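Participant: Dropping the structure in here first, questions after.
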Amino acid sequence: MTAIDTAALKNPDALDVKRVRTDFPILDLEVNGKPLVFLDNAASSQMPQPVLDRIVQYQTAEHANIHRAVHYLSEKATAEYEAARRRIQRFINAREEREVIYTSGTTDGINLVAHGFGRKFLGEGDEIILTTLEHHSNIVPWQMVAQEKGAKIRVVPINDRGEVDLDDYRGLFTERTKLVGVTHVSNALGTINPVKEMIAFAHERGVPVLVDGAQAVPHLDVDVRDLDCDFYAFSGHKLCGPTGIGILYGKAALLENMQPFKGGGDMILSVTFEKTTYNTIPHKFEAGTPPIMPAIALGAAVDYLGSIGMDRISAHETDLLDYATQCVNRMPGVRIIGTAERKAAVLSFAVEGVHPHDVGTLLNEEGVAIRTGHHCAQPVMQRFKLAATCRASFAFYNTMEEVDALVAAIRKVQKVFG
Ligand SMILES: Cc1ncc(COP(=O)(O)O)c(C=O)c1O
């Protein structure tokens, strides 16, 4: 009789990480003579072979400029570019493909809303609610617009665990509140914000909500219709796709009423020197030659993730984070920053007596890639009275053995500085 694999029985849907890793050629690299342990996924994740293959196929057999010609390659590229939009629409469960706008990334998407919505609808004395957990890209565009319009930014505080309190949030609403901007998952701490509840409360007051999903879409099964968010921005390069591509989801009725942020080719129906008539959405917001190859590659990336299953990805990453948290909690002299009840894929920590930059440098000598710094979230650092943290961030292709390698490398750092 063959032995029963009890682990598989307990969790028949578990991710086959060993197999998944064979899709990522870069994970076979050695760095400083050690196997690469890539734990900087929150900054940018790696691309699997099907996405790399899709890029080669496009560049070798499908490339031409889109929407502008009747020849074979242009029609092929246009069809693939629009098919990728539909793939992404399904991936986030948007109602219509015209609600999916290609951008160059999360930052670009948020700027599109700040300029296209904010500059049109915000006035003197109006208020925007943001949280302390925001990345600079969901702060600075709003400051720029607020400055121009005489609007104010009100900030939801966070507690010592790195969580927003819903009562604090509710208490910030006034009759002047015109927009809420909130990150779904904090890139600095990993906190998952209760965005569904936040959106429902804002909607009771007729206030639209923009969600920064840069750190959520790679880790959670995001359904924009279920969340009922008005805008949702994310980046392709954190989602196993290339750099230079991102998505802004927006409800059609809002997008139709917004000003285009950039003017140029493709976003118009007609132009005279007296007057321009804008194209319909989403093209109104896609001026100029777009990132055609990156868009098509992002379509392949979401298909790849979908074939694995976001629920499986989430479950595996939760196991990794739980294991890493337990290991690090047992290490004297190492403190976890951000201990929210609901977290995704991020472990921020400080090693007593060692500057985060030195931790990062020594970990690199062991082949372990983490990020150190303020993570473009300085208000979070200020809240915890830190200049920087060390941040290990996980993807579904990481393993428990890699968590062990991280822990061993931190021990080495402590020895060097001990
Ligand atoms: C939460 C969050 N928002 C926005 C961004 C900006 O993304 P991008 O640089 O791809 O525009 C990041 C990038 O790290 C992020 O983590």
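Participant: Would you kindly state how much longer the chain becomes between Glu124 and Ala387 on full extension, computed as 0.36 nm times their sequence separation minus their alpha carbon distance, in nm to one decimal?
Facilitator: 91.3 nm
Participant: P(r) for the chain, please, calculated from all Cα pair distances in 20 Å bins and given in %.
Facilitator: Percent of Cα pairs in each bin: 26, 54, 19, 1, 0.
Participant: Taking the alpha-carbon centroid of each part, what is the distance from segment 165-192 to segment 282-315 in angstrom?
Facilitator: Each part's Cα centre sits 27 Å from the other's.
Participant: Can you tell me the relative contact order of segment 296-418? Whole percent, Cα pairs under 8 Å, sequence separation 6 or more.
Facilitator: With pairs under 8 Å counted, the relative contact order is 26 percent.
Participant: Given Cβ point charges of +1 (Lys, Arg) and -1 (Asp, Glu) and nothing else, what value in debye, to the nearest 20, does the dipole of the chain about its Cα centre take?
Facilitator: Around 560 debye, computed over the chain.
Participant: Going Cα to Cα from Lys149, which lysines come in below 25 Å? Please leave out same-chain ones fewer than 8 positions away.
Facilitator: Lys120, Lys178, Lys251, Lys262, Lys284
Participant: While we're on this one: With just the Cα atoms defining each centre, how far is segment 341-401 from segment 206-271? Give it in Å.
Facilitator: What the calculation gives is 28 Å, centre to centre.
Participant: Along Cα→Cβ, 7 Å out, is where each label goes; now give me the distance between the ones at His203 and Ala252 in nm to one decimal.
Facilitator: Rounded to a tenth, the inter-label distance reads 1.7 nm.
Participant: Here's a follow-up. For the pair Asp404 and Lys275, what calculated FRET efficiency results from E = 1/(1 + (r/R0)^6), where r is the Cβ-Cβ distance and R0 = 60 Å, to the nearest 0.05?
Facilitator: That pair, Lys275 with Asp404, gives E of 0.40.
Participant: Give me the net charge for the shell around Gly162: Cβ to Cβ below 9 angstrom, other residues only, Lys and Arg +1, Asp and Glu -1.
Facilitator: Its environment carries a net charge of +1.
Participant: Also, I was wondering about something else. Note down the nm distance, to one decimal, between modelled labels 7 Å out along Cα→Cβ at Asp28 and at His355.
Facilitator: Output for this residue pair reads 3.8 nm.
Participant: Go through 85-94, 233-242, 386-395 and give me the packing order, highest mean Cβ count within 10 Å leading.
Facilitator: So the order, starting with the most tightly packed, is 233-242, 386-395, 85-94.
Participant: Let me ask something additional. Would you mind working out the magnitude of the charge dipole of segment 69-189 relative to its Cα centre, with +1 at each Lys and Arg C-beta and -1 at each Asp and Glu C-beta, to the nearest 20 Debye?
Facilitator: 340 debye
Participant: Could I ask something else about it? Mind ranking 216-229, 101-114, 319-332 by how tightly packed they are, going by the mean number of other C-beta atoms within 10 angstrom, highest first?
Facilitator: Packing proxy ranking, top to bottom: 101-114, 216-229, 319-332.
Participant: Fully extended, how many nm does the chain gain between Asp311 and Glu365 (0.36 nm per residue separation, minus their Cα-Cα distance)?
Facilitator: 16.0 nm
Participant: Order of 158-167, 139-148 by packing, highest average Cβ count within 10 Å first?
Facilitator: 139-148, 158-167
Every read-out reported here was derived from the displayed coordinates using simple, explicitly stated rules and does not represent laboratory data. These figures come from a predicted structure and were not determined experimentally. Using ideal geometry, Cβ is built from the backbone for each residue, glycine included, and neighbour counts are taken over all protein chains shown.
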